[in-house]
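Before any comments, here is the structure.
Where a number appears in this text, it was derived from the coordinates with a stated rule and is not lab data. A quick note: this is a predicted structure, and the numbers were derived from the prediction, not measured. Counting neighbours? That spans all protein chains shown, and the Cβs are built from the backbone with ideal geometry, glycine included.
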Amino acid sequence: MTEKNAHPKAALVLGVIGIIVAIIMGVLFGWIAGCVGALCGFIAFGLGMSSRKRTDKEKGKGGVATGILAIIFAATVSVGLVVFSGKIGEIAEKKGFPLIAKHARSLSGGIVGMMIEINRDDEDIHDALRELDEMKKQKQQESN
C-alpha cells in the first residue's frame, strides 16, 4: 500500500466510525460520545482533504463526505439530547412530575445515564423501605 492510498482509506474508515459512534454511542452514552464521533469526523475530513490535495482531487471524497456526516450527526445527537431533555424535564416539572423531570434531565447523559439515575432511585426507595420496616419494628417493640 502506498502513501497515496493510505489516507483516503483511513479517512473513509474514520468517517464511518465517527458516524457509528455519533449515532449509536451518542444515544447510549450522551454528549461525550457525540464529541468522540465529531472528533473522528474532523480527522476523517482532514485526511480526506489532504488526500484530495495530494491526488489532484481524485481520491478522498468518501472521507470528506463521511467526515461531514459524522460531524453533523454528532452535533445533532449531542445538542438534541442536551436541549430537548432539558426542555422535557422543564415541562414535566411544571406539570408536577418531579421524578419524570429528574429522569429526563439525566437523559443528557444518554440512555445509560438515565438508567444509572433510575437505578439510584431504586436503591433510594429500597433504603427508605428498609428504614420504614425498622421503624415499624421499633414501634411494635415499644408497644409490647
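Could you compute the FRET efficiency for Lys94 and Glu134, with r as their C-beta to C-beta distance and R0 at 35 Å, rounded to 0.05? Let's see the in-between values first.
Working: r = 37 Å, r/R0 = 1.05.
That gives a FRET efficiency of 0.45.
Grab the eigenvalues of the alpha-carbon gyration tensor for the chain, scale each by 5, take roots, and send me the semi-axes largest first in whole angstrom.
Values: eigenvalues 534, 51, 8 Å².
For the chain, the ellipsoid semi-axes come out as 52, 16, 6 Å.
Apply the membrane-span-like helix rule to the chain: whole DSSP H runs, Cα extent along the own long axis of at least 20 Å, mean Kyte-Doolittle hydropathy at least 0.0. List the helices found. Walk me through the numbers before you get to the answer.
Numbers: long enough: 3-20 (26 Å, 0.81); 31-54 (34 Å, 0.89); 61-95 (50 Å, 1.08); 110-143 (50 Å, -1.09).
Within the chain the helices that satisfy the rule are 3-20, 31-54, 61-95.
Ranked highest first by the average count of other Cβ atoms within 10 Å around their residues, in what order do 54-61, 37-44, 75-82 fall?
37-44, 75-82, 54-61
How long are the three semi-axes of the equivalent ellipsoid of segment 72-131, in whole Å, if each is the root of 5 times an eigenvalue of the C-alpha gyration tensor, listed from largest down? All intermediate terms of the calculation are to be shown ahead of the outcome.
Values: eigenvalues 134, 45, 4 Å².
Taking √(5λ) for each eigenvalue gives 26, 15, 4 Å, largest first.
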